[in-house]
Structure formats: structure tokens, C-alpha cells
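The values are calculated or read from the model by the stated rules, or taken from the named source; none is laboratory data. Note that the structure is a prediction, hence the values are computed from the model and not measured. Quick reminder, even Gly has a Cβ in these numbers, built from the backbone with ideal geometry, and neighbours come from all protein chains shown. We work out accessible area using only protein heavy atoms, side chains counted, and drop any ligands, DNA or RNA first. Shrake-Rupley method; radii C 1.70, N 1.55, O 1.52, S 1.80 Å.
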Amino acid sequence: MEKRIGLETSIAVAEAVGLCDADVVAAYPITPQTHIVEHLSELVADGKLEAAFVPVESEHSAMSVCCGTAATGARTFTATSSQGLALMHEIVFIASAMRLPIVMTVANRALSAPISIWNDHSDIMAERDVGWVQIFAENAQEALDLTIWAFRLAEDRRVSLPVMVNFDGFILTHTIEPVLMPDREMVQAFLPPFQPLQRLDVDNPITMGPVGIPDIYPETRYAHQQVLAAAYGPITETLEEFARHFGRSYYPVETYRADDAEILLVTMGALGQTAMEVVDARRRRGEKVGLVRLRLWRPFPFAALARVLDGARVVGVIDRAVSVGGPVGPVASEIKAAGYGASRQPPIMNFIVGLGGRDVPTDDFELMFDRLGQVAAGGRVGEPVFVGLRE
Amino acid sequence: MAARLQEGSNVFVSRLLPRDNWFVSGHRACQGCGEALAVRMIHQVLGRNTMVASATGCMEIISSSYPDTAWSIPWIHVAFENAAAVASGVETGLRMLMQKGKIPSRRITVVGMAGDGGTADIGLQALSGALERGHDMIYVCYDNEAYMNTGIQRSSSTPYGASTTTSPAGRQSIGQQTWKKNLPMIAAAHGVPYVATVNPSYPMDLVRKVERARSIRGPKYLHVYACCPTGWRLAPELAVAIGRLAVQTGVFPMYEIVDGVLRMTVQPEKLRPLKDYLKPQGRFRHLDDDTIARMEQRLHQEYQKLLRREGLQL
Ligand SMILES: Cc1ncc(C[n+]2csc(CCOP(=O)(O)OP(=O)(O)O)c2C)c(N)n1
Ligand code: SF4
Ligand SMILES: [Mg+2]
């Protein structure tokens with residue numbers, strides 16, 4: 001049975017971890033992730049969740065503790081943001097290479113300097129190549145649902161990889177929204193007990209995390225690449241299964257009024273919600289505009305994205321981070337690379353918006369669609385555009 | 001006195017330790033490696049119901065070159081500075097899985113192990129966190145007094161005057177210019193139930209301390225004297241002798257701190273001259289008599305300070 005309640009998104013995520021009966025939560029506080037771990041420690045303190053809450057002394061140790069607990073076969077959760085994610089970076093890489101199915105919520109936030117507690121995607125873009133499954137939620141319900149799903153996918157024996165669920169700091173973490181909260185039975189029916197492929201066990205001793213000499217190292221990287229790419233199948237399968245259990249469907253790439261659209265805008269994260277309003281307004285004016293919401297960031301959904309972009313006259317890609325000195329927008333760069341060499345690739349225009357919590361009002365979307373309209377009419381794509389930049 | 005007598009009778013050592021070996025031969029440690037010797041002995045005492053979280057460093061590199069392993073107990077390596085955190089995780093995971101009936105309940109000894117670099121420098125924060133949180137585990141620091149795995153660079157546990165590749169003796173330098181960080185006392189300051197210094201050249205003492213550490217609940221810290229013939233420029237056949245000289249000269253005092261009370265466990269009647277200890281080691285070869293005298297003076301001060309604290313609540 002599901003109950004409809006109003007909840008702050010962070011609390012909804014923490015409740016989801018509780019419903020999943022996590023065995024261990026190890027985390028270090030950082031704004032805007034704090035409410036998640038505070039609520040989890042409350043659940044543990046009140047005896048509502050039978051788990052160990054490990055109040056570590058840093059994010060580096062948070063991920064290290066998670067590696068240790070997951071290696072014993074314990075269902076393990078952590079959450080972080082920005083500087084915390086950057087600090088744990090070293091161990092984030094190792095967790096996936098060791099195939100430890102940890103679930104981590106990342107409340108996306110800008111990176112220093114200057115220090116900023118507000119939302120953008122610089123933190124997660126710096127973790128692009130860590131070998132985790134990386135997915136984005138756009139609202140409270142999605143954050144709750146994808147957290148439950150993340151355990152299911154991570155622990156799937158075909159995958160056995162850690163999963164990051166991203167959601168935008170403050171914009172989502174601190175907002176109250178109505179959600180449908182499933183009960184424990186429903187979650188249990190969807191999420192079987194964790195049966196690790198391998199675990200530390202005195203009756204069956206194994207050596208985990210050995211030295212990889214040149215004779216073996218490339219094979220381990222290849223295997224990691226293969227398993228993450230191949231996780232795409234289990235991802236769509238388990239999302240479908242989620243839909244069967246809970247009635248809510250999620251896909252690696254989702255679209256909004258995109259079928260006959262000539263102008264497409266690609267977003268990742270909470271901005272998709274505002275973008276949909278602007279699309280509606282433009283549609284009312286008869287413009288053929290649509291939205292593509294990139295939900296799955298790793299493994300990158302090459303084929304699904306190519307299918308939806310095919311036929312557009314121009315594509316705008318929103319980036320919430322800057323690859324400084326490089327291609328500027330990491331998401332746009334990825335999409336361009338993915339389509340390079342295809343029989344036809346629509347022109348791709350890159351917009352950089354909402355850095356460090358700068359508000360992205362509907363006007364900004366209007367501006368972006370205007371610019372895309374000019375390109376559709378034969379204008380030049382030009383350099384990436386920093387929207388709303390003060391002169 | 002009995003203990004001291006037995007310490008002299010090395011002939012019984014091999015019979016003293018349990019036969020089963022969990023850190024087996026075939027690993028790639030150098031000849032005379034004191035770290036490898038101590039690792040083997042400690043795990044002979046701890047036995048099969050033990051899990052190890054190891055830091056990066058010599059002991060990890062020499063024991064786990066895939067697809068080979070020297071470990072016949074569960075062993076995990078994650079990174080350099082986080083052995084204490086990974087061990088915290090292993091302990092927590094096992095505890096919760098047992099509590100929730102997901103694995104059979106039994107006593108498993110969780111060990112975190114690292115070198116002096118992985119403990120005194122880059123891993124100090126993780127160690128402090130783990131000790132403070134009170135995990136039921138034994139943390140073992142194998143102190144060979146430098147970063148040996150990366151080529152004998154100094155650590156904060158390198159003794160004064162030692163020449164290393166980043167504290168080389170030269171015309172303007174006597175080598176390491178700082179006094180060795182006192183790790184066991186830092187561990188003890190966390191108020192943990194058991195801290196001990198351990199030396200594989202004193203196997204009786206080692207066995208007793210490791211057994212004691214295993215029997216106590218909560219965080220335990222063992223600081224192990226681990227000679228490194230390669231890094232110390234010491235003849236490998238002197239590996240055991242140098243450990244005894246370290247104790248006889250007062251360089252490596254042997255004690256344990258149980259619930260905050262310090263007790264010396266091996267105590268020479270009279271300290272031998274420091275020179276006896278320094279002489280066989282190439283890393284100290286450049287030191288002149290004045291410097292050695294200064295070092296010895298400080299050494300004796302420190303030693304006396306320790307003796308005065310015996311029996312006191314620290
Ligand atoms: C974050 C990080 N920094 C540096 C290194 C390089 N490194 C590996 S082992 C090591 C020194 C190990 O010294 P110690 O802990 O004393 O162990 P030993 O090899 O002497 O037994 C260093 C500097 C690393 N692996 N990771
Ligand atoms: S370098 Fe030193 S510590 Fe490392 S294996 Fe050789 S002797 Fe042992
Ligand atoms: Mg060392």
C-alpha cells in the first residue's frame with residue numbers, strides 16, 4: 001500500500017533507505033546532503049531502522065567504511081555532495097573496480113573556489129569516469145523511487161556495481177513535495193535480500209583488492225568497461241520491473257512532446273521540470289519544440305539518445321558545469337561525441353546555466369529556445385552560451 | 001623473572017607459536033624483512049577466525065600480486081590511508097549481519113594493518129576516527145620507520161638522524177631532523193582499552209600481547225617494531241638481533257597500556273650504549289659522536305619519563 005504524504009525530498013530519500021532495510025549507513029555531513037543523514041540517524045536511534053550509523057570523521061573514510069561493510073555483504077548506503085564527493089574521489093574509483101554494490105545519493109552542488117553551497121553539477125561531472133552507474137532524479141518521487149531501485153540494480157548479480165543517485169541540492173533536497181510512499185512489504189517484494197557474489201568470509205577466505213601488475217591490469221579495466229556497458233540491459237529490465245511493482249515508469253532517456261519536435265532541448269536534473277512549462281507555452285504558440293531528459297548518465301545511453309535526437313533540426317544541450325579549458329559543457333561534449341560519424345547529426349548548441357545556484361527562470365529557457373530557433377532557421381551554432389551571465 | 005628467562009631461550013620459539021600459518025611463504029618480501037616476520041607471527045597467534053584490512057605499502061605489495069596471494073584468511077586492501085576506516089567497515093558489517101541473523105554469530109577478530117607512513121602520516125585521521133568510534137578491532141602499525149614501498153622516503157616515524165631518500169644526510173643536513181612521532185601514546189590518548197608495543201625479536205612477549213589484544217573488546221592498538229634491512233642498510237641476518245638491540249638500548253621500549261595503566265613488559269637492567277644499535281645500520285653511518293651523544297641524552301630522558309609513568313593511570 002502506498003500513502004500520499006507531503007515530505008521534504010531529503011526525508012523521502014532517507015525513508016526509502018529505511019524501507020530498503022539498509023544494514024549500514026556511513027556518512028559525513030555536508031550541505032545540502034545533511035537532512036538525509038540526519039533523518040537516517042534518527043531512524044536508527046528510534047529503532048525504526050536496524051542499521052549501524054557510522055559517524056565517520058570524513059567523506060574519505062565514509063566511502064572507505066562503505067567498502068569494508070559492502071565487502072562483508074552488508075547493504076550499504078552513504079550520501080554526500082560537492083567537496084565531500086571530491087574528497088572521497090579516490091575511494092569512489094576503488095569501490096566500483098572492486099564491484100562493491102554501494103548506493104550513494106549525491107545532492108549536487110558546486111565545487112570550490114569560490115566556496116558555494118548551492119546547486120550545479122560540477123561535483124558529479126568530476127566523477128564521470130569512476131565506473132559507477134549514475135542516474136538523475138528530477139523530483140521527490142523520482143528521488144525516492146530511484147533510491148529503492150538503486151539497491152535492486154546494484155545488488156543484481158549481473159551488475160554488482162555501486163550506484164549514484166543524483167538530485168539537485170536545495171532545489172530538491174530542501175523542498176517539500178507530495179510523494180507516494182510505499183510500505184515495507186511492497187519494497188520487500190521488489191528488493192530481494194542482498195546475496196553478494198563474493199564476500200569476506202572466514203569459511204571461504206578470499207583476497208580482495210590485490211596488486212594488478214601490467215600483465216593483468218588492462219584486462220581488469222576492460223572487464224569493468226564491459227560490465228558497466230552491459231549493465232544497460234539490467235537497468236532497463238529492473239526499471240520495468242519497478243513500474244510493474246509501483247506503477248511508475250522510468251527510462252534512461254525520457255522525452256516530453258518530442259515526437260514531432262524540430263527543436264529539442266536536453267536537460268539533466270531538476271531543470272527539466274521548468275523546461276516542460278516553457279515547452280507547453282511554446283507549443284501553445286504552435287512551435288515544434290520538445291524536451292529530452294537525460295536520466296541515465298552512466299552507462300551512457302547511446303542508442304536511446306540517438307533515437308530521440310534523430311530528425312531534430314537543432315538540439316540544445318544544457319550543462320550545469322564547465323569543463324574548463326576543454327569542451328566547456330561536459331554533457332554537450334558527450335552528446336556530440338556520441339553522434340559523431342552518424343549518418344546525420346543535428347547541429348548541437350550548448351548552454352551553460354545555473355552555475356553555483358544561479359536561478360534559471362523561464363525567461364532563460366525562452367532565450368535558449370529563441371537562439372535554437374535562429375539556428376533552425378539557418379543561423380550559426382557558435383560558441384557555448386553562458387546564459388544570464390552578468391556583463 | 002620467568003618471562004625474562006624464557007625470552008632468552010629462543011629454541012622454544014617455533015614450538016610456542018601455533019603451527020597453522022595464515023600468511024604463507026612465497027610472498028615477495030626482501031630477505032630478513034622484519035615486517036613480514038611480524039605479520040606472520042601475529043597471524044599465527046590470531047588464527048583462522050580473523051579478517052584483515054591492509055593499507056597500501058610493502059606488506060600489501062609483497063603479499064597480493066594477482067593471481068597469487070600469501071593470505072589464507074579473508075583479506076582486503078582498498079587504499080593507502082584508510083586501513084582503519086576499512087577495518088571499521090568490516091567490523092561494522094559483520095556486527096550488523098550477525099545482529100540481523102544474516103550470517104552465523106561467532107567471534108571474528110578484525111585487524112587493520114598499515115605501515116608507519118599509513119599510520120603516522122596519511123592515515124592518522126582515519127585511525128583517530130576509528131579509535132574514537134570504538135570499533136572492536138585490532139589496529140597494527142608495522143613501523144619500519146620510513147615509506148619503504150616507495151623507496152625509503154622519510155615519515156614522521158623516521159628516527160632523528162636517519163638518512164632516507166627525502167631526508168638525506170648531506171653537508172648541510174644530518175638526515176632526519178625531527179624526533180620520531182610517538183604513535184602508541186597518541187593511540188593511548190584516545191582512551192582505548194589496550195595499547196602495546198610489540199617486537200618480533202621477543203616472541204614470548206608478542207604472543208602474550210596479541211592474545212591479550214584479541215581477548216579485549218573495543219579498539220586495540222599494537223605498535224610493531226619492524227626492521228627493514230633494505231631501507232636501514234642492515235645485513236639481513238641481523239634482523240632479529242637488531243630488534244633485541246633496539247630494546248636493550250632503550251630505542252624501542254616494550255610496554256603495554258591496559259585501560260590507561262602503563263606497564264613495562266621487557267626491561268633491560270641497564271641500557272646498552274646507543275652506538276651498539278646505530279652501528280650496524282647504514283642509515284646512521286654518517287652521525288658523529290656529538291650527535292649520537294645528544295641523541296642518547298634525549299633517549300634516556302624519554303626512557304626515564306616512561307619508567308616514571310609505570311603503574312600510573314595515563
Ligand atoms: C594517496 C596515496 N599517496 C601516496 C601513495 C604512494 N605510497 C604507497 S605506499 C607508500 C609508503 C608506505 O609507507 P609505510 O606506510 O610506512 O609502509 P611500508 O611500505 O614502509 O611498509 C606511499 C607513499 C599512495 N599509494 N596513495
Ligand atoms: S623494503 Fe623493507 S619492509 Fe619492504 S619488503 Fe623489503 S625489507 Fe620488508
Ligand atoms: Mg614504513
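Amide H contacts under 5 Å for A:Ile206: A:Asp201, B:Trp75, restricted to partners 5 or more places along the chain or on a different chain, H placed in the peptide plane at 1.01 Å from N. Normalised by 2.2 N^0.38 Å, with N the number of residues, the alpha-carbon radius of gyration of the protein assembly as shown equals 1.10.
The HN-Hα couplings worked out from phi for region B:253-261 by the Karplus form 6.51 cos²θ - 1.76 cosθ + 1.60 (θ = phi - 60°) are x, 9, 8, 9, 10, 9, 6, x, 9 Hz, whole numbers, x standing for Gly and Pro.
Among DSSP beta bridges whose residues both lie in region A:2-246, state the antiparallel percentage, nearest 5.
Around 25 percent antiparallel, to the nearest 5.
State the antiparallel share, in %, of DSSP beta bridges confined to the protein assembly as shown, rounding to the nearest 5.
Details: 26 of 89 bridges.
Once the DSSP bridges in the protein assembly as shown are tallied, antiparallel ones form about 30 percent.
Ranked from highest to lowest mean number of other Cβ atoms within 10 Å per residue, what is the order of the peptides B:231-237, B:212-218, B:54-60, A:82-88? All intermediate terms of the calculation are to be shown ahead of the outcome.
Details: B:231-237: 17.7, B:212-218: 15.4, B:54-60: 26.9, A:82-88: 23.3.
Final packing ranking: B:54-60, A:82-88, B:231-237, B:212-218.
Between B:Arg263 and A:Glu391, the modelled label-to-label distance comes to 8.2 nm, taking each label 7 Å out from Cα in the direction of the beta carbon.
Check each residue of region A:24-63 and keep those whose accessible area, probe 1.4 Å, is at least 50 Å² smaller with all protein chains in place than in the chain alone; give them in order of residue number. Residues passing the criterion (a loss of at least 50 Å², heavy atoms only) are A:Glu50, A:Glu57. Per-residue mean of foreign Cβ neighbours for B:94-106 is 5 (Cβ atoms of other chains, 10 Å radius). Compute the Cα gyration tensor for region A:32-149, then decide on rounded, prolate or oblate, letting a ≥ b ≥ c be the square roots of its eigenvalues: rounded whenever a/c is under 1.5, prolate when a/b is larger than b/c in the other cases, and oblate in all that remain. Rounded.
For peptide B:65-77, compute the average count of partner chain beta-carbon atoms within 10 Å of each residue's beta-carbon.
Numbers: counts 6, 10, 5, 3, 6, 1, 5, 2, 5, 12, 7, 11, 7.
Going residue by residue through B:65-77 and averaging, the value is 6.
Across B:Lys102, B:Lys180, the residue with the most accessible area heads the list, and the full order at a 1.4 Å probe is B:Lys102, B:Lys180.
Ranked by the mean number of other Cβ atoms within 10 Å per residue, highest first, peptides B:67-76, A:366-375 order as B:67-76, A:366-375. Measuring nothing but how far apart in sequence close Cα pairs (under 8 Å, 6+ apart) lie, relative to its length, chain A scores a relative contact order of 16 percent.
Could you tell me which of the pairs B:Lys102/B:Lys209; B:Lys220/B:Lys275; B:Lys180/B:Lys270; B:Lys180/B:Lys279; A:Lys288/A:Lys336; A:Lys48/B:Lys102 are separated by over 30 angstrom between their Cα atoms in the structure shown?
Numbers: B:Lys102/B:Lys209 32 Å; B:Lys220/B:Lys275 33 Å; B:Lys180/B:Lys270 23 Å; B:Lys180/B:Lys279 19 Å; A:Lys288/A:Lys336 22 Å; A:Lys48/B:Lys102 18 Å.
B:Lys102/B:Lys209; B:Lys220/B:Lys275, as the Cα separations exceed 30 Å there.
For region A:1-103, the Cβ-based charge dipole about the Cα centre amounts to some 260 debye (Lys, Arg positive; Asp, Glu negative; other atoms uncharged). Relative to one another, the C-alpha centroids of region A:173-193 and region B:24-78 are positioned 44 Å apart.
To the nearest 20 Debye, how big is the dipole of region B:16-308 about its Cα centre, given +1 on the beta carbon of each Lys and Arg and -1 on that of each Asp and Glu?
Working: 33 positive and 24 negative charges, 104 e Å.
That gives region B:16-308 a dipole magnitude of about 500 debye.
Between the amide H of A:Val317 and those of A:Val266, A:Met349, A:Asn350, A:Phe351, distances stay under 5 Å, these residues lying 5 or more places away or on another chain, with hydrogens modeled in the peptide plane.
For region A:22-80, which GluC sites (Glu not before Pro) pass both filters: DSSP loop (anything but H, G, I, E, B) and at most 15 other C-beta atoms within 10 Å? Numbers along the way, then the final one.
On the way: sites: A:Glu38, A:Glu42, A:Glu50, A:Glu57, A:Glu59; in loops: A:Glu50, A:Glu57.
Answer in residue order: A:Glu50.
Farthest towards the positive end of the charge dipole of chain A, among the residues A:Gln134, A:Thr362, A:Gly290, is the Cα of A:Gly290, using unit charges on the Cβ of Lys, Arg, Asp and Glu. Amide H to amide H distances under 5 Å link A:Trp297 with A:Gln134, A:Ile135, A:Phe136, where only residues 5 or more positions off or on other chains count and H is placed in the peptide plane.
Here the accessible area is traced with a 1.4 Å probe on the protein chains. For the protein assembly as shown, carbon and sulfur cover 53 percent of it. Dividing the summed -39500 (n - 2.57) terms of all DSSP H runs of n ≥ 4 by the residue count of the protein assembly as shown sets its mean residue ellipticity at 222 nm at -11500 deg cm²/dmol. Averaging over all projection directions, the Cα-based convex hull of region A:2-246 occupies 13.3 nm² in the image plane. Couplings 3J(HN,Hα) for region A:113-121, derived from phi with the Karplus relation 6.51 cos²θ - 1.76 cosθ + 1.60 (θ = phi - 60°), are 9, x, 5, 9, 8, 8, 7, 7, 10 Hz, where x marks Gly and Pro.
The gain in end-to-end length when the A:Glu262 to A:Asp359 segment is fully stretched comes to 32.2 nm, 0.36 nm per residue minus the alpha carbon separation. Compactness of chain B, taken as the C-alpha radius of gyration over 2.2 N^0.38 Å, stands at 0.96.
State the Cα centre-to-centre distance between region A:141-159 and region A:18-42 in whole Å. Going from one Cα centre to the other spans 16 Å. Stretched out straight at 0.36 nm per residue, the stretch from A:Glu219 to A:Ile176 would grow longer than its current Cα-Cα span by 10.8 nm. Contact order, relative form, for region A:80-174: 37 percent (alpha carbon pairs under 8 Å, 6 or more residues apart, mean separation divided by residue count). Going through the DSSP H helices of chain B, which span 27 Å or more along their own axis at the Cα atoms while scoring at least -0.5 as a mean Kyte-Doolittle hydropathy? Helices passing the filter in chain B: none found. Shape analysis of region A:253-386 places it in the rounded category; the axes a ≥ b ≥ c from the Cα gyration tensor give an a/c below 1.5. Note on region A:253-386: antiparallel DSSP beta bridges, both residues inside, total approximately 25 percent of the bridges counted. Once all protein chains are placed together, A:Phe170 keeps about 50 Å² accessible to a 1.4 angstrom probe. With a/c under 1.5 counting as rounded, go ahead and sort region B:242-314 into rounded, prolate or oblate using the C-alpha gyration tensor (a ≥ b ≥ c being the square roots of the eigenvalues; past the cut-off, prolate if a/b is larger than b/c, else oblate). The shape class here is prolate.
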